[in-house]
Amino acid sequence: MIQTQLYLISPPKVDGDFPQRLERALAAGKGPKSQLVTAFQFRVKGIESHEAAALAEPLQAICAAHDVAFIVNDSVSLAKRLKADGVHLGQNDGDPREAREELGREAQIGVTCHASRHMAMNAGEAGADYVVFGAFYPSTTKDKGPDAEVPDLELLQWWTSIFEIPCVAIGGITPDNCKPLIDAGADFLAVSGAVWNGDEVAAVEAFAKVMRR
């Protein structure tokens, strides 16, 4: 049984052999009765939209073949252009209601909520399909700034006890430190460096050993 699933976030560079690495990671997460990786976020910054689309398309096809949701970070326009499964919004990346109007009822819209119950409730009221809390641990991917509040496990427990909208934990999550987040009720663990900074197959398999119970 899988209590929590993996939400993979791309590294900053997705050219070269990354499509093959993504294929291996998604395949490694497939079990006989369940799938560990259920979402992939395309998070590439600082490039033109046409270049981003060209990089995204083969990755999107791989995700589709594995029945993994393909989510675009920040850009509603790119998500619409690609007909992606959804978009992830930071606090300064737009309103979930407007994203819904652009992308349609079936789109999966997520919102970064840091350590804030207020932000999460606002996101839920605005129609978000999931909320993200973090960074729970030090992270090179999730830039939280020097004054950002670090969420505690009680936040996950509170959210899952009251709301049906799934919650995602993010920030420095590894196979060695993920169990408390799982036990606290996180529906998804968003991971990047823990998978892509080494052997992606071994990393996904290590998460699986903790997450499949």
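Among the criteria (1) crowded, with 23+ Cβ neighbours inside 10 Å; (2) modelled with pLDDT under 95, the one residue 142 does not fulfil is (1). Within the stretch 44-82, the set of residues being under 24 Å from residue 131 (Cβ atoms), in a loop (DSSP other than H, G, I, E, B) and not small (Gly, Ala, Ser) comprises 44, 45, 67, 68, 74. Scanning the stretch 98-141 for residues that are part of a loop (DSSP other than H, G, I, E, B), over 16 Å from residue 41 (Cβ atoms) and either without any contact (Cβ under 8 Å) to a residue 40 or more places away in the chain or in contact with a strand residue (DSSP E or B) (Cβ under 6 Å, 6 or more places away or on another chain) (or both) gives 104, 105, 106, 114, 116, 126, 127, 136, 138. Hey, any hits in the stretch 181-191 for a residue that's farther than 15 Å from residue 3 by Cβ, crowded, with 20+ Cβ neighbours inside 10 Å and at pLDDT 95 or above? Within the stretch 181-191 (the criterion being farther than 15 Å from residue 3 by Cβ, crowded, with 20+ Cβ neighbours inside 10 Å and at pLDDT 95 or above), the answer is yes, since at least one residue qualifies.
Listed here are the residues, each with its yes/no results for (1) aromatic (Phe, Trp, Tyr); (2) touching a residue at least 60 places away in the same chain (Cβ under 8 Å); (3) on the phi > 0 side of the Ramachandran plot.
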| residue | (1), (2), (3) |
| --- | --- |
| 36 | no, yes, no |
| 42 | yes, no, no |
| 46 | no, no, yes |
| 53 | no, no, no |
| 58 | no, no, no |
| 67 | no, no, yes |
| 72 | no, no, no |
| 96 | no, no, no |
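Of the helices (runs of 4 or more DSSP H) lying entirely inside the stretch 147-213, the ones with 2 or more residues being closer than 19 Å to residue 27 by Cβ are found at 193-196, 200-211.
Among the residues of the stretch 2-25, none qualifies, meaning not one is within 30 Å of residue 185 (Cβ to Cβ), in contact with a His (Cβ under 6 Å, 6 or more places away or on another chain) and crowded, with 17+ Cβ neighbours inside 10 Å.
The values are calculated or read from the model by the stated rules, or taken from the named source; none is laboratory data. Not measured: the values here are computed from a predicted model. Positions of Cβ are backbone-derived with ideal geometry, glycine not excepted, and every protein chain shown enters the neighbour counts.
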